[in-house]
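Notes follow the structure.
The values are calculated or read from the model by the stated rules, or taken from the named source; none is laboratory data. Because the structure is predicted, anything quoted here is derived from the model rather than measured. All Cβ positions, glycine included, derive from the backbone under ideal geometry; neighbour counts span all protein chains shown.
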Amino acid sequence: MIYPWQNLQWQQLARQRQQDRLAHALLFQGPAGTGKKHFARELATALLCRQADDSGMACGSCESCSLIRAGTHPDFRLLKPTPPATSTSKNPVLSIKIDALRDMYRALSETSQFGGYRIAVIEDADKMPVQAANSLLKTLEEPGKDTLLLLVSSHPHHLPVTIRSRCQVMRFQVPETAAAIEWLSESGVNDVSTALRLAHGAPLLARNFVENHAEERELLVRALNAGARGESSLAYAQKLAQMPRDYLLTWLLDWVSDLGRLMTCGSDAELVNEDQRKALEARAMRADTGKVFDLHDQINALIKADGIALNLQLLWENLLISWENI
Ligand SMILES: [Zn+2]
């Protein structure tokens, strides 16, 4: 089943399929946490299913559906970024391996075992090294009959233009807040308003936050409010360095953006960290606008450098010093 906010995209593709004009390469792009990977797998499963229903949904019980579920369908490949084979890091740099791509090319060039489509899904396609992306071009330029490549990316601008231009782009967006809250409560996730704001409206990200990352955010908030309690935030650097860098940096960016918003727009400003409004307002009273924007740039640069391994303890010490000095 696709998510309720993906119906339009599904109908569009179902129409294209009925009219026999489905592209050979699709790029699903949009914010993280909107269910693009799930959608790509559902589409692949449906196209390979031997008895899909009228709306084009997979039956879930035929041989093909079972093989996909078991990860052994001969006409289906799923690629995703993996850490370097020798990495022991808690925050490893992930990339799509060229060997996995070679295996995919082989599978796509062979005759279909079931007489239908041969499909490959490449998750986080922007994490392909340049060399790998170049090798993909050939497949995009000379697609075999009944082959389908589904590229998924939350950062499509990191993909080479030569790749993007050869794919039919399908955009995914975050649903209306009310719809997201309804889906989250139906999935058993409650008290979601802060999580949904931190996730910028992306329901899956909000759910993941509530289920797996609430403690990390609490620690970050404690570190950022340490000064107000007369403590040093630097004491938190070591713990923060143990936690997932991407989440924490995004939250820190929102935190500093909130501060900037309060300083430029006053108390009417809408905040991501609405639950921390009092602490942020107090900090805004004694912060320097120029330094706040400098810190904002510093965090942004770190987020953009997410493919580069850094000393995380040092990174957090630097950030917390900058934070204390604004
Ligand atoms: Zn089926």
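With respect to the conditions (1) touching a Ser or Thr at 6+ places or on another chain (Cβ under 8 Å); (2) modelled with pLDDT under 95; (3) in a loop (DSSP other than H, G, I, E, B), Tyr105 falls short on a single one, namely (3). Would you check which residues across the range 141-181 are surrounded by fewer than 15 Cβ atoms within 10 Å (Cβ to Cβ), closer than 26 Å to Phe114 by Cα and modelled with pLDDT of 90 or more and list them? If the condition is that a residue be surrounded by fewer than 15 Cβ atoms within 10 Å (Cβ to Cβ), closer than 26 Å to Phe114 by Cα and modelled with pLDDT of 90 or more, then Gln168 is the only one that fits. Within the range 301-326, the set of residues being over 17 Å from Leu220 (Cβ atoms), in a helix (DSSP H, G or I) and touching a helix residue (DSSP H, G or I) at 6+ places or on another chain (Cβ under 9 Å) comprises Leu314, Asn325. Residues of the range 40-75 that are within 9 Å of the ligand (Cβ to nearest atom), buried (at least 19 other Cβ atoms within 10 Å of the Cβ) and not in a loop (DSSP other than H, G, I, E, B): Thr45, Ala46, Leu48, Ser64, Cys65, Ile68. The residues listed here are Lys304, Lys291; of these, the one that is among the charged types (D, E, K, R) and either crowded, with 16+ Cβ neighbours inside 10 Å or within 21 Å of the chain's Cα centre (by Cα) (or both) is Lys304. Taken residue by residue, the range 31-39 has no member that is over 26 Å from Ala179 (Cα atoms) and either within 16 Å of the ligand (Cβ to nearest atom) or crowded, with 18+ Cβ neighbours inside 10 Å (or both). Considering the range 112-140 alone, what residues qualify as being of a type in the set (A, V, I, L, M) and buried (at least 16 other Cβ atoms within 10 Å of the Cβ)? Matches in the range 112-140: Ile119, Ala120, Val121, Ile122, Ala125, Met128, Ala132, Ala133, Leu136, Leu140.
Would you check if Ala241 is crowded, with 17+ Cβ neighbours inside 10 Å and touching a Lys or Arg at 6+ places or on another chain (Cβ under 8 Å)? In short, no.
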